[in-house]
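One structure below.
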Amino acid sequence: MTTLVLSGLVVFVTHALEAVTGFGCSVLAMPFVSALLGVKTAVKVITILAWLLALYIVIRNFSKIDWRQYSIITGLMLLGLPVGMYLFRSRQSSSLNLILAVFIIVVSVSQLYRQARRTGDSAPPTGYKVLPYYLFLFLGGIV
């Protein structure tokens, strides 16, 4: 019972963080919930909760969706998904946890670096400068 309550608390806090930052509930919750429930169960629970949250957001904000960006994000993540499914079935949970930790650290450090170098212009990157973000989307599909 304690593990379920702690898992619920972790999911609540990470969803609150996503409400503030706009991303990250699944990635942030995964290491903690997998430590409490195991990787296989954590993936199922967090995936279902993430889908429910996404459905709620889509229903509330359907007219505000940028379908071009949505298509790019979905396409790149779908390309990484088969790799992630293969790794999930073929690797030990300890190596998956390490991969997740490295992914979180790399993405976080790159975003902190980007914020530190940010100038008054907040235009989205274009041309070759967008390639690292596309790579992160592909890697996000794997994760």
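The values are calculated or read from the model by the stated rules, or taken from the named source; none is laboratory data. The structure displayed is predicted, hence computed values, not measured ones. A quick note on method: Cβ atoms are made from the backbone with ideal geometry, for glycine too, and the neighbour counts reach across all protein chains shown.
Quick look at the values:
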quantity: Matching option when the condition is within 28 Å of Phe12 (Cβ to Cβ), of a type in the set (Val, Ile, Thr), surrounded by 10 or more Cβ atoms within 10 Å (Cβ to Cβ) and in the same structural domain as Thr14 (by TED's automatic domain parsing), among Val39, Val143; calculated: Val39
quantity: Looking only at the stretch 23-38, and only at residues there that are in a helix (DSSP H, G or I), of a type in the set (Gly, Ala, Ser) and modelled with pLDDT of 85 or more, the one that is nearest to the chain's Cα centre (by Cα); calculated: Ala29
quantity: Matching residues in the stretch 107-132 - criterion: being of a type outside the set (A, V, I, L, M, F, W, C) and exposed (fewer than 10 other Cβ atoms within 10 Å of the Cβ); calculated: Gln115, Arg117, Arg118, Thr119, Gly120, Asp121, Ser122, Pro124, Thr126, Gly127, Tyr128, Lys129
quantity: Residue under evaluation Val58, criteria (1) at pLDDT below 85; (2) farther than 18 Å from Phe136 by Cβ, criterion not met; calculated: (1)
quantity: Among the residues listed as Leu79, Leu52, Leu87, Leu96, the single one being farther than 20 Å from Leu137 by Cβ and among the aliphatic types (A, V, I, L, M); calculated: Leu52
quantity: Residue among Ala16, Ala42 that alone is within 18 Å of Gly141 (Cα to Cα) and under 15 Å from the mean Cα position of the chain (by Cα); calculated: Ala42
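Here is a yes/no grid of residues against (1) in the same structural domain as Ser34 (by TED's automatic domain parsing); (2) among the charged types (D, E, K, R); (3) at pLDDT 80 or above; (4) farther than 21 Å from Gly24 by Cα:
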| site | (1), (2), (3), (4) |
| --- | --- |
| Tyr86 | no, no, yes, yes |
| Asn97 | no, no, no, no |
| Leu112 | no, no, yes, no |
| Thr119 | no, no, no, yes |
| Pro124 | no, no, no, no |
| Tyr128 | no, no, yes, yes |
| Phe136 | no, no, yes, no |
| Leu139 | no, no, yes, no |
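Rundown of residues vs (1) farther than 19 Å from Lys40 by Cα; (2) under 13 Å from the mean Cα position of the chain (by Cα); (3) surrounded by 12 or more Cβ atoms within 10 Å (Cβ to Cβ), yes/no style:
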residue	(1), (2), (3)
Asp66	yes, no, no
Leu81	no, yes, yes
Phe88	no, no, yes
Ser93	no, no, yes
Leu100	no, yes, yes
Ile105	yes, yes, no
